[in-house]
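Only the coordinates and a few stated rules stand behind these numbers; no lab work does. Computed from a prediction, not measured in an experiment: that's the story for all the values here. Cβ sites come from the backbone with ideal geometry, for glycine too, and all protein chains shown count toward neighbours.
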């Protein structure tokens, strides 16, 4: 049995079970600076409540040890103090409050209560895959939506166990890590709206409204006794690790599910409103940098400690491999709302437990705090600039951004080099949970969110999507072919770029949300992955993704840790990258354009030793007409063999690409991306010098 010592403080927040039989019982610890008195409420099996006062032990810590209490005990806390909203205080001792550090949450009469659960769990031989960033491919998914559809074929659909059962599909695809949408306990019907047509109650499906930062959501587990989600989550992690998959959590620490003015109090608001939230000092009202009504004061001692202890718990006790910080810019705001108070992020990098995990920042918030490139070394970042530039390039009605595209293909040195980080700091994506799926991105010019019950006001009004001439589904084979061609090009651009790629779950299976780009409230088939075969023309998409990921594993030149320089690294006169226009001439970046060729040397080095891999030739044509490329000689003097041509729908996994005859001279590429591998035959006459462009080096 694995029962590691708790990380961090000697007496952590939440509950601590007695260490011996003789000292049987449970220690409860809460954090409040402004409370005058705290009382623990223990709910018995018959519904009665007995209470015990807590003592302020030091500083902001309140504690009580209750003998005879163990796993299965339900509890809450009542907080006494002033009710002076204008001064930030909202104490109300009549309200039972949820422990924000409860390890499990159960619901009684519509109100959440903490639940004491057993710490011990047999992790058996569990070991984290610990993949380097250079080998990481992220797959963003919703635990429930991944297997809830009847076609998933699992025994426990829509649950942590169901995800574990379906792990083989992810391994076969070639991804290495799952990024789970929020799993912290939340109220599924906290802001009830009804479907405007059917009257059905809508839910908070995504879960970006946490109530406890420690407890996994019970409804994401299968049937079982209260608190069973903790064990089921651990079993899922253990199973995914055995399959070679890392588990990353999308963590929401920037706000809580208590909302804004007039919304319901669950925990922090009643425990110490002024201590946990950003407030306007003149009015006591919430400063909302998150678009969700409140903002956690991560710069303050209460909020910061709660966050750090939560991360340590998930890392040490739940064996999680990393964290993606939702709206991370909000976590850097100080008490005046100024951005850049990044000491929390820097602290996490240095933390002996959290700092060893994969850390990912979503570098913006809902109040204009856009800080892409500003996270400390040790963090990767969701690269929204990659998403936007790639989308613009493949949109025929938007101005071509060839220079911007090449910058993104090369790892976004303009974003990450100033902070002395390499391309692996760039978490690249084209689609994510927040917005259109890839199919909808190629099928809709406008969002269709009326069924959210908000009169189509919610969701981004402009995603830069392109419907290819028809809004929504089409039975025109030419429209379908054009859409699939764009999808293949977007997949190839993402998976052949420097950086760490992230796929939106279901994109490879042609998933649609029927034009809804904010499906946060729909727990139905529009949000679930359909595992039945896609329509026949779309079936090769998953094979393309699999093949591209196979090629990415094969060629280190596609996943460098350092930026390209355009210079020779091993003394044979071959630059690590060189870019050419289709006619073979050097690009004039200021002139724009929609076609480019790039040669990536297999001899490019990270440390001075050659990779000794094949060279690569990447062709990109974002225009509507076919383009004939003059093929350069391979840097090693060999031949080019085609591996991918998205315009033709051709892709091959490693081992298949040598079946074709070598291609020399010219190559005609339709609208799409092509990749070739070149055999090297030793050193030859040096090729022409690389066209220099600072932002690609």
Taking the C-alpha atoms of the stretch 58-123, how large are the radius of gyration and the largest Cα-Cα span, Dmax, in Å?
14.9, 50
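Relative contact order for the stretch 286-423 using alpha-carbon pairs under 8 Å, separation at least 6, rounded to a whole percent? Display every interim value, and only then the final one.
Values: 198 pairs, mean separation 25.6, N = 138.
Value for the stretch 286-423: 19 percent.
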How do 171, 644 rank when sorted from fewest to most other Cβ atoms within 10 Å of their own Cβ?
171, 644
Tell me, what is the Rg over Rh of the stretch 268-424, with Rh the Kirkwood radius over Cα pairs?
1.03
Surface/4 estimate of mean projected area, convex hull on alpha-carbon atoms of the stretch 464-505, nm²:
3.8 nm²
Roughly what angle does helix 477-495 make with the longest principal axis of the chain, taking Cα atoms, 0 to 90 degrees, to the nearest 10?
80 degrees
Acute angle (nearest 10 degrees) that the helix 384-393 long axis makes with the longest principal axis of the chain, alpha-carbon atoms
40 degrees
Treating every alpha carbon of the chain as one equal point scatterer without solvent, the Debye formula yields log10 I(q)/I(0) values at q = 0.10 Å⁻¹ of -0.96
Quick one: grab Rg to one decimal and Dmax as a whole number for the stretch 216-281, Cα atoms only, in Å.
17.0, 51
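Students often check this: by mean Cβ neighbours within 10 Å, which of 664-673, 361-370 ranks highest, and how do the rest follow? Don't jump to the answer; show the numbers that get you there.
Values: 664-673: 17.3, 361-370: 19.5.
For the peptides 664-673, 361-370, the packing ranking is 361-370, 664-673.
Which order do the peptides 550-557, 585-592 take when ranked by the mean count of other beta-carbon atoms within 10 Å per residue, highest first? It would help to have the intermediate numbers written out before the result.
Details: 550-557: 19.4, 585-592: 13.6.
Peptide ranking by packing, descending: 550-557, 585-592.
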Report the dimensions of the stretch 218-333 along its three principal axes from the alpha-carbon atoms, largest first, rounded to Å.
54, 30, 23
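What percent does the relative contact order of the chain come to when contacts are Cα pairs within less than 8 Å and at least six residues apart?
Working: 1684 pairs, mean separation 74.0, N = 697.
Across the chain, relative contact order equals 11 percent.
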Relative counts (whole %) of C-alpha pair distances in the stretch 96-207, using bins that are 5 Å wide
2, 9, 12, 15, 19, 17, 13, 8, 4, 1, 0
Convex hull around the C-alpha positions of the stretch 441-587: the volume in Å³ per residue is 172 Å³
